[in-house]
Amino acid sequence: MSIKHLDRLLAPRSVAVIGASNKPHRVGTRVLANLAAGGFVMTGAIWPVNPKYTELRGMACYPRAAALPEAPDLAIICTPAATIAGLIEELGARGTRAVIVMTEVSGRAQRQALLAAAQPYQLRILGPGSIGLQAPAVGLDASFSHLRAGAGKLAFVSQSGALAGAVLDWAGQRGIGFSQFVTLGDNVDIDFGDLLDYLAADAATEAILLCVEDLRSARKFMSAGRLAARAKPVIVFKSGVRQDLDDGADLVFDAAIRRAGMLRVHSTEDLFDAVETLVRRRPQQGERLAVLTNGAGLAVIAADALAAGEIRPAPLSGVTRKRLGQQGMAIAVNAGAHSAADSAINLPADAPVELYVAAAEALLADDQTDALLLLHAPTPMVAADAIAQALAPLFQATGRNVLTCWLGGASAARGRRQFADAGLATFDTPETAVHGFLYMAQYRRNQALLMEVPAGVPGTAAPPRAAARSLVKAALAAHREEQEKNKEQNKEKNKGTVILSDDEARSLLAAYGIALATPQQAALAGHTPAAVRIEIGIDRVFGPVVFFGQGGPAADVSSGLAADRTAGLPPLNMVLARDMVGRTRIARLLAQGQTAADAEALVRTLVQVADMLTDLPELAQLDLNPVLAIGGAVVALGARLQLAAPRSRRTLAIRPYPQELEQTVAWGGGEIVLRPIRPEDAAQHQAFFHALDADDVRLRFFTAMRELPPSQLARLTQIDYDRAMAFIATRPNPVAAAGGGAETLGVVRAVIDPANQSAEFAIIIRSDLKGQGLGYILFGKLVDYLRSRGTAEIVGDALAENLGVQKMVRHFGGVVLPHQEAGMVRLQLPLQ
């Protein structure tokens, strides 16, 4: 249901406390006290409900929900489990659309009863077993926590109430405030995906922090997470490591967070260290960190922390070294320095404030520096707050990221406070400062991966999917026939799974461009620098997953390389697969003795294995080990493939390219293909944009644009097919000079709200093809698709002068309405 009625939960105008009390140690007592003390009574109504009282805390108390003056936006239920379903029914009938169930509810039947009672009214449930929520900006403390969240720009969402309480305590000590502070409890209804959708659009939230124990709806989480991560930092702390997929479960979770452009941290302390940098971050081109310090020992500590994170320091330019030397500042060694300790700028203990400013200016002006780390130890000669006062304006004005660490207690406190007040990231120790930078670097990589435009899979045609599916069906049919002949002997054998023979495996792999080795190729195994292993697994939460790691004998021994593997969620493209390989130590071995063609062949094989997973729902196991790249081709020396009953395509955490929506239609005296857009269409889409007249660009984008920047191009071509759809009309490019390939003739797109109620559309046709009916064909394709998925309406905004799109919408039965902005109209087309 996603964000439906979440405004009633997180921004209510009235709150009823069902089970309010004045008895000590009762949940209802604490909740009512928190609501009253939080200040909500100044902006909204608080209504206690309990038949045993007529008044509580100076407020009228009502005997039951039906007696309330009106339906409360939010009801907090603190009564025994057996009463909750009936209360939800009563509240829903009255008009309430959100409840917090604080009571623990055990058993699947009781949880289902809550959902069944809420469903007729689309009433949203937070909990059961939730300790509630706090929205400090509006004075709402709808919790039974003994701690109150301060106001701020961070949204915090946790499944665990105990962990949430600890974080709240710690955040209070560090002066960290929140826009929303929510505990999910057992999340039978409202979950992480719902709140990510809501918080992504919340102007009061600058960053989102998640404390996750387990996930139930991976696809919704991935869709919402990717959407939110494009808008603001999303930082995830995972408590507990699942062991249901050997040691791969944590790898899968890592892969999911990375794929969505979020950032994972591994402790609650790191959660706030990451926030310290990400919320204040500025655009950054690279990961070269310069260090300015007044203690060589501090530089060594920073060097060790950087080396652990596999980050190299900034290689200071000759110009900067000369400039620093003229100021009397020394660098430990020459320009060939390879550690942060070597390339750090070490100021003497008695360095005046002016020297700090000169050194900082030189480092920030160096074009080989991406960010600056200031490490300061207390000294009796120069006060820390004097240095901070001089540096703060410089660091605020720079376009570079600056991190600082002011060591010490009272002597450093004023310096820390000055920097914090100036909005500059400051830390207590060199290690935490470096960790903050490492998180910034990792977040930058994840965001770049989210935005990077992938190339097509080189050198391969689309796999013959029909032949592969026929082979799978034949193998399963033969297995069933064999079982039928030998019911008694085989009734326990494989339990419905089928292990493919060598010939069957060879044929199925060949359909996806993967070869089993010949004896001659197998003989070369000892002459390759590295053998790898590619396998698939079915994760309990995220579904099908591809693993890449060390192969051959090393994969089966307890060594560093044995655990050196990565995971990826299908579908994959060359960018994602290349990232998987690059994050392993095996990548270095591959680079030592193999050609670029060999490395690309391994990357391509990962994409092809992911294609098998998305195409063949019967594929339960695939293990290629070892896999060798020889002469630009990949061969597997060993292969084990196993089939089972087909799994639902919904088990895929990310919806793959919907090939079934491709359609060939007649147009313009020939045939064109209508199909969903793909990430690999980026270059083709840029060429399409260049073919548009300036006036058509203005009508579509409401502004003059001469180029699509890479970030926008990525957003237009890398869509989440669960949340959006873009159909392009395409045909073979007739211009030989264009290098063949295909050309885009037009595109229609829609972004669908999380509740699937409304889809906002836009359409544009290549300027030289307008007036030939192509827009009507594309829009009809979109209308049919949205109707099929149950979307209620299509809406859009257009310039009032764009009469063509208005005529088209009316043709399909829509209306053109006035708009709140001058010169605009609102387009609306009911679908159901």
Point to revise | The listed residue being closer than 27 Å to V265 by Cα and either exposed (fewer than 15 other Cβ atoms within 10 Å of the Cβ) or not assigned by TED's automatic domain parsing to the domain that holds E269 (or both), out of L403, L394 | key: L403
Review point. Among A410, A420, A448, A383, which is the only one that is at pLDDT below 90 and in contact with a Ser or Thr (Cβ under 6 Å, 6 or more places away or on another chain)?
Key: A420
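Condition check ((1) surrounded by 21 or more Cβ atoms within 10 Å (Cβ to Cβ); (2) outside any loop (DSSP other than H, G, I, E, B); (3) modelled with pLDDT under 95) across all residues:
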site: G537; (1), (2), (3): yes, yes, yes
site: F547; (1), (2), (3): yes, yes, no
site: A555; (1), (2), (3): no, yes, yes
site: A567; (1), (2), (3): yes, yes, no
site: L572; (1), (2), (3): yes, no, yes
site: Q621; (1), (2), (3): no, yes, yes
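Only one of these is of a type outside the set (V, I, T), touching a residue at least 60 places away in the same chain (Cβ under 8 Å) and assigned by TED's automatic domain parsing to the domain that holds G19: L163, L195, L140, L114. Name it. Outline the logic, then answer.
On the way: L163 fails: assigned by TED's automatic domain parsing to the domain that holds G19; L195 fails: assigned by TED's automatic domain parsing to the domain that holds G19; L140 fails: assigned by TED's automatic domain parsing to the domain that holds G19.
Only one candidate qualifies: L114.
Could you list, in sequence order, the residues of the stretch 623-648 that are assigned to a strand (DSSP E or B), more than 16 Å from Q550 (Cα to Cα) and in contact with a strand residue (DSSP E or B) (Cβ under 6 Å, 6 or more places away or on another chain)? First the steps, then the outcome.
The initial filter retains those residues of the stretch 623-648 that are assigned to a strand (DSSP E or B), namely 623-630, 633-636, 639-643.
Those still in the list that are more than 16 Å from Q550 (Cα to Cα) too: 630, 633, 640-643.
The answer is R640, L641, Q642, L643.
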Point to revise | Number of the exception - L817 against (1) outside any strand (DSSP E or B); (2) surrounded by fewer than 12 Cβ atoms within 10 Å (Cβ to Cβ); (3) without any contact (Cβ under 8 Å) to a residue 40 or more places away in the chain | key: (1)
Check your understanding: Of the conditions (1) of a type in the set (S, T, Y); (2) surrounded by 15 or more Cβ atoms within 10 Å (Cβ to Cβ); (3) outside any loop (DSSP other than H, G, I, E, B), Y657 fails just one. Which one is it?
Key -> (3)
Check your understanding: Scanning the stretch 766-794 for residues that are free of Cβ contacts under 8 Å to residues at least 24 places away in the same chain and outside any loop (DSSP other than H, G, I, E, B), which turns out surrounded by the fewest Cβ atoms within 10 Å (Cβ to Cβ)?
Key -> S788
Review point. What pairs come up if the first residue lies in the stretch 428-450 and is in a helix (DSSP H, G or I), the second is of a type in the set (F, W, Y), and their beta carbons are under 7 Å apart, counting only those six or more places apart or on different chains?
Key: A433/F427; G436/F427
Review point. Taking the condition over 17 Å from R30 (Cβ atoms), modelled with pLDDT of 95 or more and of a type outside the set (K, R), does A98 pass?
Key: yes
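Applying the selection to the stretch 675-684, what residues are at pLDDT 95 or above and within 25 Å of the chain's Cα centre (by Cα)? Let's see the steps before the verdict.
Step one: list which residues in the stretch 675-684 are at pLDDT 95 or above, which gives 675-677.
Listed by number, the residues that qualify are P676, I677.
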Point to revise | Residues that are over 16 Å from A135 (Cα atoms), among the small types (G, A, S) and surrounded by fewer than 21 Cβ atoms within 10 Å (Cβ to Cβ), drawn from the stretch 202-234 | key: S217, A231
Study note, to complete from the structure: Note: among I100, I84, just one is outside any helix (DSSP H, G or I) and crowded, with 17+ Cβ neighbours inside 10 Å, namely I100
Review point. Among the residues of the stretch 184-192, is there at least one that is at pLDDT 95 or above and in a helix (DSSP H, G or I)?
Key: yes
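So in the stretch 705-720, with the set limited to residues that are touching a helix residue (DSSP H, G or I) at 6+ places or on another chain (Cβ under 6 Å) and in a loop (DSSP other than H, G, I, E, B), which one is surrounded by the fewest Cβ atoms within 10 Å (Cβ to Cβ)?
Going through the stretch 705-720, the residues touching a helix residue (DSSP H, G or I) at 6+ places or on another chain (Cβ under 6 Å) turn out to be 705, 708, 711, 713-714, 717-718, 720.
Those still in the list that are in a loop (DSSP other than H, G, I, E, B) too: 705, 708, 718, 720.
Working: M705: 15, L708: 20, Q718: 21, D720: 18.
Among them, the one singled out is M705.
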Review point. Hey, does the stretch 586-594 have a residue that's under 29 Å from G543 (Cβ atoms), outside the structural domain of L774 (by TED's automatic domain parsing) and in a loop (DSSP other than H, G, I, E, B)?
Key: no
Exercise for review: Scan the stretch 27-56 for residues that are modelled with pLDDT of 95 or more and part of a loop (DSSP other than H, G, I, E, B) and jot them down.
Suggested key: N50, P51, K52, Y53, T54
Revision key, fill the gap. Going through (1) within 21 Å of R111 (Cα to Cα); (2) of a type in the set (A, V, I, L, M, F, W, C); (3) crowded, with 24+ Cβ neighbours inside 10 Å one by one, A164 fails only at (1)
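Any idea which of L699, L606, L613 is at pLDDT below 90, assigned to a helix (DSSP H, G or I) and either of a type in the set (A, V, I, L, M, F, W, C) or crowded, with 18+ Cβ neighbours inside 10 Å (or both)? Before the answer, list the steps.
Values: L606 fails: at pLDDT below 90; L613 fails: at pLDDT below 90.
So the residue among L699, L606, L613 that is at pLDDT below 90, assigned to a helix (DSSP H, G or I) and either of a type in the set (A, V, I, L, M, F, W, C) or crowded, with 18+ Cβ neighbours inside 10 Å (or both) is L699.
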Check your understanding: On the given criteria, is A683 touching a helix residue (DSSP H, G or I) at 6+ places or on another chain (Cβ under 7 Å) and not in a strand (DSSP E or B)?
Key -> no
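Looking only at the stretch 4-48, which residues are among the hydroxyl-bearing types (S, T, Y) and more than 36 Å from the chain's Cα centre (by Cα)?
As a first pass, look at the stretch 4-48 and keep what is among the hydroxyl-bearing types (S, T, Y): 14, 21, 29, 43.
Once the filter is applied, which keeps residues that are among the hydroxyl-bearing types (S, T, Y) and more than 36 Å from the chain's Cα centre (by Cα), the stretch 4-48 yields S21, T29.
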Practice item. From (1) surrounded by fewer than 16 Cβ atoms within 10 Å (Cβ to Cβ); (2) closer than 22 Å to L606 by Cα; (3) out of contact with any strand residue (DSSP E or B) (no Cβ under 6 Å at 6 or more places or on another chain); (4) modelled with pLDDT of 90 or more, pick out the condition that doesn't hold for I499. Key: (3)
Practice item. Look at the stretch 127-143 and say how many of its residues are under 19 Å from P48 (Cα atoms) and either out of contact with any strand residue (DSSP E or B) (no Cβ under 6 Å at 6 or more places or on another chain) or modelled with pLDDT under 95 (or both). Key: 2
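The values are calculated or read from the model by the stated rules, or taken from the named source; none is laboratory data. Keep in mind that this is a model prediction, so the values were computed, not measured. Backbone-built Cβ (ideal geometry, glycine too); neighbour counts: all protein chains shown.
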